[in-house]
Amino acid sequence: MSLRGRLLLIAAASTLTALLFAGFAIGHVLERFVMRGLDDRLDAQVQVLARAVRPDGSIDPARAIDLPDFGVPGSGWAWRIDGPAGHRTSAAGAPEAMTSPAIEGPIEPPGDTMRGPRHGPRPGGDDIRPGEIDGPSGQRLHARETVVATAVGPVTIAAFGPRRVVAAPLREALLPLLVSLAILGIGLGLATFVQLRIGLHPLVRLRAALAEVRAGRSSHVPADQPEELAGIVGELNALIDQNEAGLAAARRHVSNLAHGMKTPLAALALKLGETGRDPDGSLAAMVAEVDARVRHHLGRARAATPAGRSRARTGLAQAVADLAGVLDRLHADRPVAFAPSIPHDLMLAVDAQDLDEMLGNLLDNAYRHARSGVSITATVEAAMAAIRIEDDGPGLSAAAMGEALVPGQRLDEAGDGYGFGLSIVQELAELNGGTVTLGRSARPGWGLEVTLTLPHAP
Amino acid sequence: MRVLLVEDDAVLAEGIARALRAENFAVDVAANGEDGGHLGATELYDVAILDLGLPKRDGLSVLRDWRGAARDMPVLILTARDGWSEKVEGFKAGADDYLTKPFRIEEVVMRLRALVRRAAGHASARVTCGPLAFDAQLGTFERDGLPLKLTAFEWRVLSQLMLRREVVIERADLIERVYEGDADVDSNSIEVIIGRLRRKIGAEMIETVRGRGYRLTAGA
């Protein structure tokens, strides 16, 4: 699960919990507030009735009056008095069943906390008990009930009111509450989202910076990071350094191994060359095979340069001039006229060693196969420089050209000649974001034309 | 022709030296950069073979020192380092040719001969002097179109005279380029060789310049 997902989930869960809690708490307070109003009306009726009960247990009908609403039949407002000396109900009647359990034993005198005016034995606030019953017409009723002690025994006084008088204001109060809570929830959610976006943005930036490193456009992740990421970035940069150092060490080892093998190989070849040791030349062929493999893997190890190629800037004209000096002397006895035509300020975004390797192989091929002329020209097209190397040798057949550059069939088993050099050139070109294509020179009588495109460094 | 071979691998050095001696080269072998650098700086050589990865001193710095001290004998770098950047470095340090290991010994011999010939100012492989012809690439002599049979010492002396024909070659110079460094040189032996050569190619072709040395001449 994503970091953003986790944080969103936690934030959503805690916001929802908080909102639910707030909803229930406020709802409960509201309900109690509204209920208090109902209780007060019922308690007032109970207290009026309590005054109608005489100490001998009889009921004074003149004082057992209905407070407003209580006289309306079917309204749910009602009361009743039950005692050993008689029963009485409100004018509109009263529900039969009482929810409160029968109270046994003597009733304690009213305490100090009793509300309302004192007159004879009457209930205190604490003695009035709440209850809920189903009324005769099926509506839910709220009850308040108390017990008054008389000479003949306890008299129970109960008052009832319809629950719905509570429900309506409660609903009226709860609706805006829920709406505001919902708006609050949405607001909090949005805030969380924005917070996550802004808060996690450095991570997005870090990923982009890492991608830059991987693409070779920068060497390290920038160190100016938020405090929480600075440690990670430090470790990442250390890892990048370590990786690069490891790769460099590995390349050095491959290179040392390859170079180290070549001297004994040269000695072996020399020994085999002595008369009688290798009459059919098969051993020399094996030495050549070993050499070809060593050279191939050495070339590949050299090509496996870590990121950072694209940051390089190498002058093409200088590289060609240096190589021309080498090739003129390597092929000193061949009458090859080398004609470079390269803008002197053309820079390539290519590692200098890679460029030497590519141009060296291609120009060496051209020198070896040329009759008398080799040319190299360069043009810049958009972000790429196209370098054309032509020679006036026999060239390659279409089939041979196709074979020389088939990806995956990189002439691994090939020995000297066009094949080996070309496969390395192609690998290096691709590593540097370029291409190699083979074709026929447009000049009459000329042979192979190799086009090397490489990224131009403006 | 006297060759300085700087190579630290004993087996390879011994093999190259033997093959070169069979081709009439006089060979001095140095097994490290320090000794090789010293020999190249103090002795006369027609050509040097220089390995790059050497103990004590790197081949490139040895070469730079030679060039810095105006030691201009042709140098063939013979190394396992086959990168083009390394080749550029080698030539920039003053090399004249570059060959990577492993190699065919025939290739080494051909390149050494070509280097010596070009250093003497001959663009073409065939050098002639009167009736005498020298194929500097194959290392063969002909007189009037017939092959000339020569001993190793005779070959060394005659090739020196031939490559610098019509020029007086100092006697000491000739001795240096004919004998290997550790050889016991009898002061008269060069006269003996010259005498034998005169019998083979005609006495009039080798002139003795009293007090200085010898000159091969077509008698112009």
For this session: Specify the angular offset, from 0 to 90 degrees and rounded to the nearest 10, of the alpha carbon long axis of helix A:164-214 from the longest principal axis of the alpha carbons in chain A.
Result: 10
Exercise. Calculated FRET efficiency, A:Phe33 and A:His201, Cβ-Cβ r, R0 56 Å, to nearest 0.05?
Worked result: 0.75
Exercise. Which value in deg cm²/dmol, rounded to the nearest 500, describes the helix-derived mean residue ellipticity at 222 nm for the protein assembly as shown, given -39,500 (n - 2.57) per DSSP H run of n ≥ 4 and division by the residue count?
Worked result: -16000 deg cm²/dmol
Exercise. For the peptides B:105-111, A:203-209, what is the packing order when you average, over each peptide's residues, the other Cβ atoms within 10 Å and list the highest mean first?
Worked result: B:105-111, A:203-209
For this session: Compute the signed sum of charges (Lys and Arg +1, Asp and Glu -1) over the other residues within less than 10 Å, Cβ to Cβ, of B:Asp65.
Result: +4
Exercise. Alpha carbon centre of segment A:376-396 versus segment A:13-35: separation in Å?
Worked result: 80
Problem set entry | Cross-link partners of B:Lys101 among lysines (Cα-Cα below 17 Å; sequence separation of 8 or more within a chain) | A:Lys262, A:Lys271, B:Lys87
Problem set entry | Cross-link partners of B:Lys200 among lysines (Cα-Cα below 25 Å; sequence separation of 8 or more within a chain) | B:Lys149
Exercise. Of the residues B:Leu112, B:Leu146, B:Leu20, which exhibits the maximal mean-square fluctuation in a Gaussian network model of chain B defined by a 10 Å Cα contact cut-off?
Worked result: B:Leu146
Seminar exercise, completed: The size of the Cβ-based charge dipole (Lys, Arg +1; Asp, Glu -1) of the protein assembly as shown about the Cα centre, to the nearest 20 debye, is 1040
Exercise. Label B:Val209 and A:Asp40 with points 7 Å out from Cα along Cα→Cβ: what is the distance between them in nm?
Worked result: 14.2
For this session: Rank-order A:84-90, A:246-252, A:314-320 by packing density, defined as the average count of other C-beta atoms within 10 Å over each peptide's residues, highest first.
Result: A:314-320, A:84-90, A:246-252
Exercise. Just counting partner chain Cβ atoms within 10 Å, what average do the residues of peptide B:6-12 show around their Cβ?
Worked result: 4
For this session: Give me the angle, in degrees from 0 to 90, between the Cα long axis of helix A:227-273 and the longest principal axis of the Cα atoms of chain A, rounded to the nearest 10.
Result: 30
Seminar exercise, completed: Rounded to the nearest Å, the spacing of the alpha-carbon centers of segment B:5-28 and segment B:158-220 is 25
Exercise. Helix A:418-431 versus the longest principal axis of chain A: what angle, 0 to 90°, nearest 10, using Cα atoms?
Worked result: 30
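If neighbour count is taken as other Cβ atoms inside 10 Å, put B:Asp51, A:Asp328 in order from fewest to most.
The most exposed by this proxy come first: A:Asp328, B:Asp51.
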Problem set entry | Residue mean of other protein chain beta carbons inside 10 Å, A:360-368 | 1
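How do A:Met358, A:Met1 rank when sorted from fewest to most other Cβ atoms within 10 Å of their own Cβ?
A:Met1, A:Met358
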Problem set entry | Partner chain coverage, peptide A:320-332 - average Cβ within 10 angstrom | 4
Seminar exercise, completed: Long-range share for the protein assembly as shown, i.e. C-alpha pairs more than 50 Å apart as a percent of all pairs, stands at 49
Seminar exercise, completed: Listing A:Thr263, A:Thr451 by rising number of other beta-carbon atoms within 10 angstrom, fewest first, gives A:Thr451, A:Thr263
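If Lys and Arg each add +1 and Asp and Glu each add -1, what is the summed charge of the other residues whose beta carbon sits under 13 Å from the beta carbon of B:Pro74?
Numbers: positive: A:Arg329, B:Arg2, B:Arg67, B:Arg71, B:Arg111, B:Arg113, B:Arg117, B:Arg118; negative: B:Asp46, B:Asp72, B:Asp96, B:Asp97.
Result for the neighbourhood of B:Pro74: +4.
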Exercise. For chain B, what proportion of DSSP beta bridges, expressed in % and rounded to the nearest 5, is antiparallel?
Worked result: 50
For this session: Distance from a point 7 Å along Cα→Cβ of A:Val380 to each backbone N in segment A:343-369: keep the residues under 14 Å and list them by number.
Result: A:343-350
Problem set entry | Charge context of B:Ala13, other residues only, Cβ under 14 angstrom, K/R +1, D/E -1 | -4
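Taken together, the values in this text are just the output of simple stated rules run on the coordinates, not laboratory data. This structure is a prediction, so every number in the text was calculated from the model and none was measured. Glycine gets a Cβ as well: all are built from the backbone with ideal geometry, and neighbour counts include every protein chain shown.
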